[in-house]
Amino acid sequence: QVQLVESGGGLVQPGGSLRLSCAGSGPFFSIYTMGWYRQAPGKQRELVAEITSSGSTNYADSVKGRFTISRDNAKNSVFLQMNRLEPEDTAVYYCTAQFAAKYWGQGTQVTVSS
């Protein structure tokens, strides 16, 4: 069983930056593929970025070049650095951990608005 807790969300102006963090508990954290998903009001949940146990990354086209996912296995943590934020990035962001089963965090709100 893996428990995930996100932090770092908030209100930011367009063009600004935020760094989301996700702290995981449970054994063998390093073997999980970690990901960030988001869900905007009235829209389906979508994959933002993911990072495998070997460090390979994958990004949604809409965030390529602006967001960076990273992990620190020693601290059971995964991060999402978000730069040049746009109003369209406004959503609840969820951290996930997957190895056979997929686990979800509770989510953290990101609002991009002037």
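Counting only DSSP beta bridges with both residues in the chain, tell me the antiparallel percent, nearest 5. Display every interim value, and only then the final one.
On the way: 39 of 42 bridges.
The answer is about 95 percent antiparallel.
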How large is ³J(HN,Hα), in whole Hz, for each residue of segment 73-87 in order, when computed from phi with the Karplus curve 6.51 cos²θ - 1.76 cosθ + 1.60 and θ = phi - 60°, using x for Gly and Pro?
-> 5, 5, 10, 6, 9, 9, 10, 9, 8, 10, 10, 6, 5, 10, x
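From Cα pairs below 8 angstrom and at least 6 apart in sequence, can you work out the relative contact order of the chain, rounded to a whole percent? Each step should come with its number before you reach the end.
Values: 274 pairs, mean separation 42.3, N = 114.
Across the chain, relative contact order equals 37 percent.
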Top positive-direction residue, dipole computed over segment 51-114 with Cβ charges, set Ser114, Phe67, Tyr103 | Tyr103
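For Ala60 and Gln109, compute 0.36 nm times the residue count separating them, minus their Cα-Cα distance, and round to one decimal in nm.
On the way: separation 49, 0.36 × 49 = 17.64 nm, distance 1.88 nm.
The Ala60-Gln109 span can extend by a further 15.8 nm.
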What's the local net charge at Asn83, with K and R +1, D and E -1, over the other residues with C-beta under 10 Å away?
-> +3
Note, segment 35-42: 3J(HN,Hα) by Karplus (6.51, -1.76, 1.60, θ = phi - 60°), whole Hz, Gly/Pro = x, goes x, 10, 10, 9, 9, 8, x, x
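Quick one: dipole size for the chain, taken about the Cα centre, charges +1 on Lys/Arg Cβ and -1 on Asp/Glu Cβ, in debye to the nearest 20.
Values: 10 positive and 8 negative charges, 20 e Å.
That gives a dipole near 100 debye.
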GNM flexibility winner over the chain from Gly26, Gly42, Gly15 (Cα, springs under 10 Å) = Gly42
Using a Gaussian network model of the chain whose springs link C-alpha atoms within less than 10 Å, name the residue from Ala23, Ala97, Ala49 with the highest mean-square fluctuation.
-> Ala23
Quick calc, Asn83 & Ser30: beta-carbon distance into FRET formula, R0 22 Å, rounding 0.05, result 0.25
Tell me, what % of the accessible area of the chain is carbon and sulfur with a 1.4 angstrom probe?
-> 48 percent
Give the residues of segment 33-66 whose amide nitrogen is closer than 20 Å to a point set 7 Å from the Cα of Ala100 in the direction of its Cβ.
-> 33-35, 52-54
Rounded to whole Å², per residue accessible area for segment 40-114 with a 1.4 Å probe reads 54 Å²
How many angstrom lie between the C-alpha centres of segment 1-51 and segment 67-96?
-> 5 Å
Residue of Val63, Val78, Val48 that the Gaussian network model of the chain assigns the largest fluctuation, springs spanning Cα pairs under 10 Å | Val63
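The values are calculated or read from the model by the stated rules, or taken from the named source; none is laboratory data. All of these numbers come straight from a predicted model, not from anything done at the bench. Every residue, glycine as well, gets a Cβ built from its backbone with ideal geometry; the counts of neighbours run over all protein chains shown. Please note that ligands, DNA and RNA were not included when accessible areas were found on the heavy atoms of the full protein model with its side chains. Shrake-Rupley method; radii C 1.70, N 1.55, O 1.52, S 1.80 Å.
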